[in-house]
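Asks: Structure provided below as structure tokens; questions to follow.
The values are calculated or read from the model by the stated rules, or taken from the named source; none is laboratory data. In this text, all values refer to a predicted model and were calculated from it rather than measured experimentally. Virtual Cβ from ideal backbone geometry, glycine too; neighbours counted across all protein chains shown. What goes into the accessible areas is simple: the full protein's heavy atoms, side chains included, and nothing from ligands, DNA or RNA. Shrake-Rupley method; radii C 1.70, N 1.55, O 1.52, S 1.80 Å.
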Amino acid sequence: MTQQAQGQSGAAGRSPEDMPTSFGFTRVAEGQKQALVDDVFHKVAQRYDLMNDMMSGGFHRVWKDAMVSFLAPPKRPNSGWRLLDVAGGTGDIATRVVRRSGDTVKATVCDINESMLQVGRDRAEKAQLSDLITFSQGNAEELPFPDKSFDAYTIAFGIRNVPDIPKALREAHRVLKRGGRFLCLEFSEVDIPVLDKVYDAFSFNAIPAMGRWVTGDGDPYQYLVESIRKFPNQERFADMIREAGFEKVGYRNYSGGIAALHYGWKL
């Protein structure tokens, strides 16, 4: 049984407690959200870059580059440095990190959605990066990796789709080595007057319509727009990262808060 929230006011709370049963503005039964999210990404996997271009006006590429610059992966051959990129099935972030290192580091991409992973494997093979980027199907809430396995954990535009976000954050802390870094790039709460109204109008009116025109189905894009409004704002999400055990937690707003880069260290 689902319950549809009324209009855009469904975004008002941005409560973390609502996330496990919020499929956009629709209330779903406990345990139902993951399957619905999986269906969305099966539908958009082949057009994932186009989807992000539509959601961000193309700025996601700039934000991702800024994220990788902030991470600053080492450029030392045989450094043994390892990245885990979660919910990054197409390999977008992993490829950027490996290239930024001068092809000296290794990355593992973990995603729950096999359709997204297949896109990533194909891209890595074409880019001749299959020996540096590996792909693993897994759930962010129960990562299939040992404790203290990675030097950095990244997740870009994926954590708001995870039903139990606190559990995923604890898993991120678990698999990082001491001194490891957590970076999360996510759509967030616009903090500039007028821009917030313009962004809302664009999101709710233009994005689903463009998705319908490009793919024949606007429903996945409607969910993605709504999921942004349900995600905790910058300060609340920073608190959640601290509660998972990270230290020196902070964030950087991009484009007036349309997106934010959150970070923390495992010390």
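Asks: How many Å² of accessible area per residue for segment 57-108, probe 1.4 Å?
Replies: Accessible surface, normalised per residue, equals 41 Å².
Asks: Please report, to two decimal places, log10 I(q)/I(0) for segment 51-94 at q = 0.19, 0.21, 0.30, 0.32 Å⁻¹ as given by the Debye formula with identical point scatterers on the Cα atoms and no solvent.
Replies: Ignoring solvent entirely, the Cα scatterers give -0.71, -0.82, -1.17, -1.20.
Asks: Over segment 43-133, what portion of Cα pair distances is larger than 20 Å, expressed as a whole percent?
Replies: 35
Asks: What are the extents of the Cα atoms of segment 85-178 along their three principal axes, in Å, largest first?
Replies: Principal axes ranked by extent give 35, 31, 20 Å for the Cα atoms.
Asks: Another question, if that's okay. In segment 96-124, which residues have a backbone nitrogen under 17 Å from the label point lying 7 Å from residue 70's Cα in the Cα-to-Cβ direction?
Replies: Of the residues in segment 96-124, 96-97 have backbone N under 17 Å from the label point off residue 70.
Asks: Still on this structure: What translational D, rounded to a whole number of µm²/s, comes out for segment 92-247 from Stokes-Einstein when the hydrodynamic radius is the Kirkwood one over Cα pairs, at 10 °C and 1.306 mPa s?
Replies: 91
Asks: Once you put a point 7 Å from the Cα of residue 170 and another 7 Å from the Cα of residue 82, both along the Cβ direction, what distance in nm separates them?
Replies: Roughly 2.3 nm, to one decimal.
Asks: Okay, next question. Which links in 167/266; 148/230; 177/248; 177/230; 126/177 stretch past 23 Å when you go from one Cα to the other?
Replies: Going by Cα-Cα distance, 148/230; 177/230; 126/177 fall outside the 23 Å limit.
Asks: Just for segment 59-207, what percent of DSSP beta bridges are antiparallel, to the closest 5?
Replies: Just about 5 percent of them are antiparallel.
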